[in-house]
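To start, the structure itself, in structure tokens.
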Amino acid sequence: MKDPEGSDRFLKLVDFKWLMAGIGWWVDLSRLQSDEAYIEECLQRALRSNSELLQARSVEMLGLRRGSDAHCDAAMPSTFIGLAL
């Protein structure tokens, strides 16, 4: 039996990856789930992008509300760690 929550998390990561690809940034899903510096870099790029959808998806994945100071949230990188299937 598959873990529906794990599948949902993975789908969100894949969605994030393709949104990033759409604006010219390739994302390595393995690193996105384990490398804190890489996670930080991807999230900063996404939040600074001109894509409202990518920004919204990033905020959703971070569990933050729009307008919060996501760039200074020290806990942000750990959001993706442990999301492997």
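Remarks
- Residues in the range 6-31 reached by a label modelled at N50 [backbone nitrogen below 18 Å; 7 Å Cα→Cβ]: 19-26
- Neighbourhood net charge (14 Å Cβ-Cβ; Lys/Arg +1, Asp/Glu -1) for Y38: -2
- The slack in the chain from W25 to A37, taken as 0.36 nm per residue of separation less the alpha-carbon distance, amounts to 2.7 nm.
Bear in mind that the values in this text are calculations on the coordinates, not laboratory data. The structure displayed is predicted, hence computed values, not measured ones. Neighbour counts are summed over all protein chains in view; Cβ atoms, including those assigned to glycine, are modelled from backbone coordinates with ideal geometry.
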